[in-house]
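Below is one structure, written out as structure tokens, with a few remarks after it.
The values are calculated or read from the model by the stated rules, or taken from the named source; none is laboratory data. Everything numeric here is computed off the predicted structure, so don't read it as measured data. When we count neighbours, we look across all protein chains shown, and the Cβ atoms used for this are built from the backbone with ideal geometry, even at glycine. Keep in mind that these areas ignore ligands, DNA and RNA; they rest on the heavy atoms of the full protein, side chains included. Shrake-Rupley method; radii C 1.70, N 1.55, O 1.52, S 1.80 Å.
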Amino acid sequence: MTNNQPGDDPSPETQQNLLNKITVGGSLTVGDINQQLVTQNIATQNIFLIASPDQQEQISRKIHGVPPPSSTASRNAAVIPPLCSPPVISTFEFEVVKVDAKGREVNPCCKQAQHFIDSLGGAVELEMVSIPGGKFTMGAPQEELESREDERPRHLVTVKPFFMGKYPITQAQWRAIASRPKIKHDLDPNPSCFKGDHRPVERVSWYDAEEFCDRLSKETKRVYRLPSEAEWEYACRARTATPFHFGGTITTNLANFCEQDQSMNKVERKQTNDVGSFPANAFGLCDMHGLVWEWCADCEHENYQGAPFDGSAWLNNGNEEYRILRGGSWDSFPHLCRSASRFSENPTITDKEFGFRVVFSFT
């Protein structure tokens with residue numbers, strides 16, 4: 001038991017204990033990583049200083065979840081250098097709103113979350129928001145309006161902490177990484193139909209998104225990837241159980257989508273807009289409903305029968321010729337933008353409604 005407070009350097013005894021966990025066959029837990037790395041970045045640098053080069057590599061592999069050389073390597077392991085400094089975590093504030101049954105905004109409140117920022121070159125940055133771990137009920141209840149059977153059975157999922165892009169990947173971010181050397185295949189630096197540096201990149205396939213993650217990982221020396229479907233829904237809901245994170249209905253003041261009843265549509269966009277144009281959810285994430293469908297790592301499954309309970313991507317016993325997308329788009333009707341709504345498409349397909357955001361985790 002230590003008396004360290006967040007932001008303090010751990011004692012030499014605590015530092016050595018962390019080293020011992022790594023070097024004598026023990027395991028470095030998520031709690032160790034969160035306490036000593038997420039909230040104590042200087043502490044981690046101290047631990048690196050007292051470690052040998054071999055120990056530093058082991059620490060780095062633990063941080064990134066990269067298997068040791070003798071293990072079966074993950075798909076990203078080959079593109080990650082052996083060591084990078086931990087991200088510098090800071091706090092930001094944002095406003096969250098809710099809506100009543102008629103779609104009127106009520107009870108605005110100010111919240112805080114943690115994030116870090118990776119530079120992608122020049123003025124282009126990637127903002128990653130800390131998503132706390134927890135449990136949630138995935139899927140839609142029978143009584144949820146216009147829900148479908150592929151959103152059931154509802155099941156309890158435990159999700160580990162991770163970081164998620166505050167916004168979908170923008171066109172400026174896409175160009176910055178698309179200019180980096182190819183890992184597996186070429187990327188079009190300007191694929192989008194609706195142009196704008198701060199608009200989400202679209203007309204990108206699942207394979208394009210994977211290539212982007214590989215190049216981004218090599219550039220930043222962190223393992224970036226697509227979210228699992230469970231991580232995406234957990235992050236979208238932000239501890240809510242309503243169809244949308246702001247309540248039971250969706251309005252054009254809160255998201256970019258296609259209203260079925262045109263007489264109710266206050267704003268008819270018919271295209272993407274700049275990311276961050278609408279209020280964030282309670283985790284600090286923007287644009288989770290509408291704007292662009294977002295690719296996830298999972299293969300297509302008809303429903304949640306047999307789905308993982310640990311928040312991991314569901315890759316086995318599914319249709320590998322289709323991958324999951326979440327969130328709806330600027331051209332989607334409201335029910336397709338719900339937190340539980342699912343869609344799938346061939347991973348080679350590009351569409352002006354398809355984009356993605358990235359995640360990063362310590363384990």
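Looking at region 80-132, the accessible area is 54 square angstrom per residue; that uses a 1.4 Å probe and ignores ligands, DNA and RNA. Remark: region 152-242 carries a charge dipole of roughly 320 debye about the Cα centre, counting +1 on each Lys and Arg Cβ and -1 on each Asp and Glu Cβ.
The phi torsions of region 199-214, fed into the Karplus equation with coefficients 6.51, -1.76 and 1.60 and a -60° offset, translate into couplings of 8, x, 5, 9, 6, 10, 7, 4, 5, 5, 4, 5, 5, 4, 4, 4 Hz, rounded to whole numbers, with Gly and Pro shown as x.
In order along region 335-340, phi translates into HN-Hα couplings of 5, 7, 9, 4, 4, 8 Hz, rounded to whole numbers, per the Karplus curve 6.51 cos²θ - 1.76 cosθ + 1.60 with θ = phi - 60° and x for Gly and Pro. Note: relative contact order over region 157-263, using C-alpha pairs below 8 Å and six or more positions apart, is 21 percent. Rolling a 1.4 Å probe over the protein heavy atoms of region 321-360, with every protein chain left in place, gives an accessible area that is 47 percent carbon and sulfur.
Arrange the residues LYS352, LYS135, LYS218 by how much accessible surface each exposes, largest first, with a 1.4 angstrom probe.
On the way: LYS352 90, LYS135 145, LYS218 115 Å².
Heavy-atom accessible area, descending, gives LYS135, LYS218, LYS352.
Over 18 Å between C-alpha atoms is what I'm after, so list which of LYS98/LYS160; LYS98/LYS270; LYS182/LYS221 land there. Mind dumping the intermediate values first?
Values: LYS98/LYS160 26 Å; LYS98/LYS270 25 Å; LYS182/LYS221 16 Å.
Exceeds cut-off: LYS98/LYS160; LYS98/LYS270.
Within the assembled protein chains, the solvent-accessible surface assigned to TYR207 is about 100 Å², based on a 1.4 Å probe. Protection proxy ranking of 94-103, 157-166, by the mean of other Cβ atoms within 10 Å over each peptide's residues and highest first, is 157-166, 94-103.
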